[in-house]
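First comes the structure, then the notes that go with it.
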Amino acid sequence: MVHVTSLAGLPLNALAEPTAATAACDAVVLVAPSPIVKHVGGLGPSVGAVVEAAARADGALESRCAPIVLPAPGVPGGRLVLAPMGALTEDVDDVRSVAEAAAAGFARAIDAGASRPLLVVRAPDAPRFSRAIEVGALAALGSQWTPLEAREAEMAPRTAESVAVLGLPEARAREMAAIEVGRALCRDITGTEPERMAPRRVAEMCEAAFARTGVLVKVERNVDDYPLISAVSRASRVVERHRPCVVRLDYRPRGEIRRTVLLAGKGVTYDTGGVDLKTDGHMAGMSRDKGGAGAVAGLVRAAAALGLEGVRIVGLLGLVRNSVGEESYVSDEIIRSRAGVRVRIGNTDAEGRLILADLLALARELAHSGAADPILFSVATLTGHVYRAHGPYTGAICNAAAQPELDRLDVLAEHWGEPMERVRPRREDYAFVAPRSSAEDVVSSNRLASVNTPRGHQYPFAFLDIASGLKGGTLPFIHLDIGGVSVEAADWQFGRPTGVPIPSLTAYLTT
Ligand SMILES: [Zn+2]
């Protein structure tokens, strides 16, 4: 049921010297910086002539950055879709412009009636655009995803049959297609409404998605061994179809395992806030609070499709509905985490960190049971503060042991169009969650919403560090708060899921 369009690479000269593969395409989508006429070299006389004629006729051709369809005799399908990006000469320009133009241009080609477009990406010659073709290819593929509910109701709009990309080597095309398989799974988990994607239905979707991939899927429907997860799910358990589970996805490569990546994903299938109820319209859209679990599942799926070598990947999904009811957990409760740390609940809407803390404790146990060169990640739509602080960027924070790894991931994320904002854990973060009495070891949160709290997305790192039992150890740990990027912010309720940071993490695992 996962939707993915096929992707093929074509050689750089395929438009100048057409082949059967070029002839099978029915539109050309040209993504290029201004002035586009300067970027048509090597694309054959037909493309050059059409672009020059259009630029002569329309002085504002490139200033609007909206794709246009031009009749183009001699071009595959007889149509050229121009997707301008502006000059891209500013310091702050980055490869996201390529993704945006490719997605818009590709969607415009499909609207125009094409079903097998050929994507041509031209970008400035600078390191930050070094992955422009791959990023464009992923954006074109991603633009064809439609919500699972629409596909299951057979109401999905027409999509492309295939995507051809000029200058993308075949092996690279297979990699991009594998990443998109993972992203599509992530979008289906993240974007689907809360009944269709209730906790155990996410588990079923994983079982189906990982069948015949060699990935071991273990679904734990009894969460008694995860006391914090158990507490968050207490009110949901009176409704059978809302009951929680923990999913373990274990990808083991062929041959030698040189390193082990363990990832915890927050999968809150619906977040009412619990008894600290979300009010004033802040609840709508909260079926998308499972984006961390979606990203982790998607990453493991991409790794399996790629057949990644040398690295074992363990994805842990905490799938819980934060319901409200007579069994609800409440603030003031003290719960001993899986790691044995006494956690005082500060606010029931700060449930994501509780789920992650138990998953990270399991990840720590797995790391200490003979794992080769382990590193831990948590991925979550954890706070609103991360968006308040940074806008549409991943908030990345790590312990000292993981600093060189996050340095590397940061550069890759920039090249793959998923830029991160780095923050550091500070002493104030640890002071913020410090115990107030001898009854507890750590406090989960304050009473206020994270957006109204100084260091509202930084201090939860301190909580995770303590409650998971990682603090004082040597394991490298990186926390990625994707609360600002898991879905596009265009709509208060729907917000199309992005699949961030699957491409960056895949690049991190392959390099
Ligand atoms: Zn919450």
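The values are calculated or read from the model by the stated rules, or taken from the named source; none is laboratory data. Please read all numbers here as calculations on a predicted model, not as lab measurements. Don't worry about glycine lacking a Cβ; one is built from the backbone with ideal geometry, like all the others, and counts go over all protein chains shown. Just the protein is used for accessible areas: all its heavy atoms, side chains included, with ligands, DNA and RNA removed. Shrake-Rupley method; radii C 1.70, N 1.55, O 1.52, S 1.80 Å.
Residue check: residue 227 meets all listed conditions (1) open to solvent by 10 Å² or more (accessible area, probe 1.4 Å); (2) within 27 Å of residue 326 (Cα to Cα); (3) under 23 Å from the mean Cα position of the chain (by Cα) but one, namely (3). For the stretch 129-146, the condition of being over 28 Å from residue 410 (Cβ atoms) and not assigned by TED's automatic domain parsing to the domain that holds residue 499 holds for at least one residue. Restricting 203, 198, 235, 208 to those that are at pLDDT 95 or above, among the aliphatic types (A, V, I, L, M) and exposed (fewer than 14 other Cβ atoms within 10 Å of the Cβ) reduces the list to 208. Within the stretch 443-459, can one find any residue that is within 30 Å of residue 137 (Cα to Cα), at pLDDT below 95, part of a loop (DSSP other than H, G, I, E, B) and open to solvent by 60 Å² or more (accessible area, probe 1.4 Å)? Taking every residue of the stretch 443-459 in turn, none turns out to be within 30 Å of residue 137 (Cα to Cα), at pLDDT below 95, part of a loop (DSSP other than H, G, I, E, B) and open to solvent by 60 Å² or more (accessible area, probe 1.4 Å). Scan the stretch 308-323 for residues that are within 16 Å of the ligand (Cβ to nearest atom) and not in a loop (DSSP other than H, G, I, E, B) and jot them down. 318, 319, 320, 321, 322 - these are the residues of the stretch 308-323 that are within 16 Å of the ligand (Cβ to nearest atom) and not in a loop (DSSP other than H, G, I, E, B).
Restricting the stretch 253-307 to residues that are open to solvent by less than 20 Å² (accessible area, probe 1.4 Å) and β-branched (Val, Ile, Thr) leaves a set whose member that is farthest from the ligand (Cβ to nearest atom) is 260.
For the stretch 324-348, the candidate set comprises residues that are within 16 Å of the ligand (Cβ to nearest atom) and open to solvent by 50 Å² or more (accessible area, probe 1.4 Å); within that set, the residue that is nearest to the chain's Cα centre (by Cα) is 324.
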